[in-house]
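The values are calculated or read from the model by the stated rules, or taken from the named source; none is laboratory data. The shown structure was predicted, so the numbers you read here are calculated from the model rather than taken from an experiment. As a convention, Cβ positions derive from the backbone with ideal geometry for all residues, glycine included, and neighbour counts pool all protein chains shown. What goes into the accessible areas is simple: the full protein's heavy atoms, side chains included, and nothing from ligands, DNA or RNA. Shrake-Rupley method; radii C 1.70, N 1.55, O 1.52, S 1.80 Å.
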Amino acid sequence: MADESIAIGLVVAATPLRRRLTRLFSRKGWNSVAIEGSRVDPPCDVLVVDIDRIAEVPDAAPIAAVSYGSEVRHFGDLRADVRAIVDRDDLDEAFLEAVHEVAAGHGWISPTLVRPLLHVQLPAHRPVQSAVQLPALTAREHEVAALVTQGMNNSEIADALYIAESTVKFHMSNILHKTGSRDRSQLAARMPASRMPAVR
């Protein structure tokens, strides 16, 4: 679906966030409208909905849910067509990517929410199997990947490791290539916790 044709319905209670998203989508050339009540009119390609209000929205369009922290734990109880989950505190780029992916028929999860969503309790005697066989990453690449799984962006990683942001981008390019990951979200989902070093 072309970016220009995306119509977005906003079911977001917080006025500052709703205004922020309206301006953000407008700059992208997308049409967004605040939805009040249970009627979605005009029809939308994507609904951006507070995760605790999803039950109020009819099955009118695929949903990008906005998480406000602990609500993500109850995500498994939802029966709506939720294809993306964005953390309320994510950067603008995350909201744009989530809506774009949902409109294109794909899914998307905020890197900061991958671990809580995938977290499962395993018996102590059962070995943890990694999602993928990890290639040989350098020690620095392991550090960068560990910070990505904690939801840090390139600037925050650069500050934490005392390196230039351009160096972080270089390492990220290598890490994504070596792991065969499409983006940061997929990388975070593929990196097993048991293999990640503790980051000071």
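List, please: which pairs have Cβ atoms under 7 Å, are six or more places apart or on different chains, and start with a residue in segment 138-160 that is on the phi < 0 side of the Ramachandran plot and end with one that is part of a helix (DSSP H, G or I) and of a type in the set (D, E, K, R)?
Short answer, once both residue conditions are applied: VAL148/ARG184; THR149/ARG115; ASN154/GLU165; ASN154/LYS169; SER155/GLU165; ALA158/GLU165.
Step by step: first the residues of segment 165-176, then only those that are of a type outside the set (Ser, Thr, Tyr) and open to solvent by 50 Å² or more (accessible area, probe 1.4 Å), then the one that is nearest to THR138 (Cα to Cα). Which residue is that?
As a first pass, look at segment 165-176 and keep what is of a type outside the set (Ser, Thr, Tyr): 165, 168-172, 174-176.
From what is left, the residues that are open to solvent by 50 Å² or more (accessible area, probe 1.4 Å) are 165, 169-170.
Numbers: GLU165: 18, LYS169: 15, PHE170: 13 Å.
Here the residue is PHE170.
Across segment 131-162, what is the number of residues that are in contact with a helix residue (DSSP H, G or I) (Cβ under 7 Å, 6 or more places away or on another chain), at pLDDT below 60 and either part of a helix (DSSP H, G or I) or open to solvent by 50 Å² or more (accessible area, probe 1.4 Å) (or both)?
Total satisfying the criteria: 1.
What is the number of the single condition among (1) modelled with pLDDT of 75 or more; (2) farther than 18 Å from ALA14 by Cα that ASP41 does not meet?
Going through (1) modelled with pLDDT of 75 or more; (2) farther than 18 Å from ALA14 by Cα one by one, ASP41 breaks only (1).
For segment 144-181, which positions are over 19 Å from LEU113 (Cα atoms) and among the charged types (D, E, K, R)?
ASP159, GLU165, LYS169, LYS178
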